[in-house]
Amino acid sequence: MLAESKYISFVMTKKNNRPAGAPTAGTRIISPSMLSAEFGNLARDTRMIDRSAAEWIHIDVMDGVFVPNISFGFPVLKAIRTASDKFLDVHLMIVEPERYVARFVEAGAGLVTVHAEAVADLRATLEMIRSHGVLSGVSIKPATPVSAIADVLDVADLVLVMSVEPGFGGQSFMPHSLDKVRELRAMGYGGLIEIDGGISTANAAAAFDAGCNVLVAGNAVFGAPDPEAEIEKMLNI
Ligand code: DX5
Ligand code: ZN
């Protein structure tokens, strides 16, 4: 078991989704991606994650425009919210995400992450997310440099570094994405860093070492013979 102190600042509830304190350098969170769940058994799979050592649940929203795939929206998010009290980490891979922030918060999001490539006024959007009382996140695709978000880091509670091209689960991890994580830490970014795409026990240690706090894992969790044990393994690696 990990020391509780690593997590104590990230105890969140449905009513108050903001963390009680600032993240510490050692904060480690696993955020299983529901994109890899079995949708015919969504409540069962959500309850399984609810029992596990994963503190967050990652929700991939895709519109078929920003990415070449369509996933799910509010009704599915509400169903997940009903089946779990865990912190909902909502990753919006949609154009004009600012139009939908309020509705995602209402549906239960604790963190709303928008793509830097999808938003015209990133600062205003991140401030607007915070004004709803939830965490603000900004994501960059593999080809987008850290410099593209350098001037909004002060209003980003989390940076999500994509380690695959967004759109599909089950792709191979791009190792150079960890250079961006190191770059963000070298710039003095003290918020949470999340990494998403191709994460498994094969690269979880390298991701934590580079400075990541939150590891998203879809296939590695839901494709494992024992998903709960796999989450423990990734966390304690
Ligand atoms: C990809 C999504 C990811 C995806 C991760 O566009 O943002 O969250 O579900 O799945 P794995 O871990 O299977 O690469
Ligand atoms: Zn994602």
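Every number here is computed from the coordinates shown, using simple stated rules; none is lab data. Worth saying up front: this structure is predicted, and the values here are computed from it rather than measured. Every residue, glycine among them, receives a Cβ derived from its backbone with ideal geometry; neighbour counts consider all protein chains shown.
Please label the shape of the stretch 81-237 as rounded, prolate or oblate, based on the square roots a ≥ b ≥ c of the eigenvalues of the alpha-carbon gyration tensor (a/c under 1.5 means rounded; beyond that, a/b larger than b/c means prolate, else oblate).
It is oblate, given that a/c is not under 1.5 and a/b is not larger than b/c.
If you average the C-alpha positions of the stretch 85-162 and of the stretch 21-78 separately, how far apart do those two centres end up, in angstrom?
15 Å
What aspartates and glutamates sit close enough to Lys180 to cross-link, taking a C-alpha to C-alpha distance under 12 Å and skipping anything fewer than 8 places away on the same chain?
Within the straight-line limit of under 12 Å, Lys180 reaches these aspartates and glutamates: Glu194.
How high is the FRET efficiency between Asn219 and Ala143 when r is their beta carbon distance and R₀ equals 22 Å, given to the nearest 0.05?
So the FRET efficiency works out to roughly 0.45.
Shape call for the stretch 149-237 from the C-alpha gyration tensor, a ≥ b ≥ c root eigenvalues: rounded (a/c under 1.5), prolate (a/b greater than b/c) or oblate?
prolate
So what's the back-of-envelope 222 nm ellipticity for the chain, counting only DSSP H runs of four-plus at -39500 (n - 2.57) apiece and dividing by all residues, rounded to 500?
Rounded to the nearest 500, it is -7500 deg cm²/dmol.
Which listed residue (Val90, Ala204, Gly133) has the Cα farthest towards the positive end of the charge dipole for the chain, taking +1 on Lys and Arg C-beta and -1 on Asp and Glu C-beta about the Cα centre?
Gly133
Relative to the present Cα-Cα distance, how much length would full extension add between Asp179 and Glu228 at 0.36 nm per residue of separation?
14.7 nm
In a shell of Cβ-Cβ distance under 15 Å around Pro142, excluding Pro142 itself, what net charge do Lys and Arg (+1) and Asp and Glu (-1) give?
Working: positive: Lys141, Lys180; negative: Glu117, Glu165, Asp179, Glu183, Glu194, Asp196.
Taking every other residue near Pro142 into account, the sum is -4.
According to a simple spin-label model (label point 7 Å from Cα along Cα-to-Cβ), what is the distance in nm between Ala150 and Arg103?
Calculated label separation equals 3.7 nm.
Going by how many other Cβ atoms sit within 10 Å of their own, how do Lys233, Lys180 line up, fewest first?
Fewest-to-most ranking of Lys233, Lys180: Lys233, Lys180.
Subtracting the Cα-Cα distance from 0.36 nm times the residue separation, let me have the gained length for Leu42 to Val65 in nm, one decimal.
On the way: separation 23, 0.36 × 23 = 8.28 nm, distance 2.51 nm.
In short, 5.8 nm is gained.
Taking the Cβ of each residue in Leu42, Leu92, Leu35 as the centre, tally the other Cβ atoms inside 10 Å and list the residues starting with the fewest.
Placing the least packed residue first, the sequence is Leu42, Leu35, Leu92.
Picking from Pro68, Ile193, Met48, whose Cα lies most toward the positive end of the charge dipole for the chain (charges on Cβ: Lys, Arg +1; Asp, Glu -1)?
Comparing the listed Cα positions along the dipole, Met48 ranks first.
Sort the stretch 47-144 into rounded, prolate or oblate with this rule: let a ≥ b ≥ c be the square roots of the eigenvalues of the Cα gyration tensor; rounded if a/c is under 1.5, and if a/c is not under 1.5, prolate when a/b is larger than b/c, oblate otherwise.
On the way: a/c = 1.77, a/b = 1.46, b/c = 1.21.
Judged from the Cα gyration tensor, the stretch 47-144 comes out prolate (a/c at least 1.5, a/b above b/c).
Rounded to the nearest 5, what % of the DSSP beta bridges within the stretch 87-196 are antiparallel ones?
On the way: 0 of 17 bridges.
Antiparallel bridges make up about 0 percent of those DSSP assigns within the stretch 87-196.
Given 0.36 nm per residue, what is the gain on full extension from Asp85 to Met187 after removing their alpha carbon distance, in nm? Don't skip to the end; give the middle numbers.
Details: separation 102, 0.36 × 102 = 36.72 nm, distance 3.45 nm.
Gain on extension, Asp85 to Met187, equals 33.3 nm.
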